[in-house]
Amino acid sequence: MNTRRIIFIKYILIVQLSLSFVLPVRVFGQHALQRLDDRILINLSENRTPERTGFFMFLSKHNDVVNVGVPVGLLAAGVITNDKAMRQNALYVASSSAVNVLATLILKKVIKRPRPFNGLVKINAVYQPSHYSFPSGHTSTAFTTATALSHAYPKWYVVAPAFLWAGSVSFSRLYLGVHYPTDVAAGALLGTGSAFSMGFLRPDK
């Protein structure tokens, strides 16, 4: 089995796994899980403070900076130090992110879940981004980067900050009222799976 076919199969499995997470509750507004989603977001929206709102807006706004900066930084450092393994890790992180973005876009188009502020229960959001809600793109990209970086450099001082960042970005999407908890859970699953699917690009493989 050639490498391209393996990549395609892994990609399909990731999408199928994420779809299996949500299709049993396709009619979101009628399911108990939807009511739980709504209650969590309502509780968060009722307990916001200006300081916390500013902090979580900062995390959400700078998520892409981190996700792009990690592979770019690895590549630059690899070129400067002539470190082939570091350059390979940059390719691994970047490729994982690319696979994740494609899978996320496909799922959003297939599921077409409205944002919380457009749902049956109108959630008070801090701002109103466009596009569909499921899965959370911020979460999936953050977890892709965190997982890939942790696989490339499995040291506690890399793993802990990476997943602290990913978890904080994920929570920010709930706090700001722009994603449901199930969106975030699916995003974390998809992002992690995307990094695993491209593991063959790691230099030790």
Subject >> Search result, residues across the range 45-71 that are under 14 Å from residue 173 (Cβ atoms), in a helix (DSSP H, G or I) and under 17 Å from the mean Cα position of the chain (by Cα) >> reply: 56, 57, 58, 59, 60, 61, 63, 64
Original post:
Within the range 132-179, how many residues turn out to be hydroxyl-bearing (Ser, Thr, Tyr), open to solvent by less than 50 Å² (accessible area, probe 1.4 Å) and more than 30 Å from residue 203 (Cβ to Cβ)?
Top reply: 4
**OP:** Go through (1) without any contact (Cβ under 8 Å) to a residue 24 or more places away in the chain; (2) of a type outside the set (Phe, Trp, Tyr); (3) closer than 27 Å to residue 44 by Cβ; (4) not in a helix (DSSP H, G or I) one by one and return the number of the condition residue 113 breaks.
**Re:** (1)
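Answer with yes or no whether residue 130 is under 26 Å from residue 115 (Cα atoms), free of Cβ contacts under 8 Å to residues at least 40 places away in the same chain and part of a loop (DSSP other than H, G, I, E, B).
yes
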**OP:** Give 36, 105 a once-over and let me know the one that is within 19 Å of the chain's Cα centre (by Cα), loosely packed, with under 14 Cβ neighbours inside 10 Å, at pLDDT below 95 and in a helix (DSSP H, G or I).
**Re:** 105
Original post:
over 14 Å from residue 70 (Cα atoms), in a helix (DSSP H, G or I) and over 9 Å from the mean Cα position of the chain (by Cα): does that describe residue 150?
Top reply: no
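The values are calculated or read from the model by the stated rules, or taken from the named source; none is laboratory data. Note that the structure is predicted; figures quoted are calculated from it, not measured. Every residue, glycine among them, receives a Cβ derived from its backbone with ideal geometry; neighbour counts consider all protein chains shown. Just so you know, the surface numbers come from the protein's heavy atoms only, side chains and all, with ligands and any DNA or RNA stripped out. Shrake-Rupley method; radii C 1.70, N 1.55, O 1.52, S 1.80 Å.
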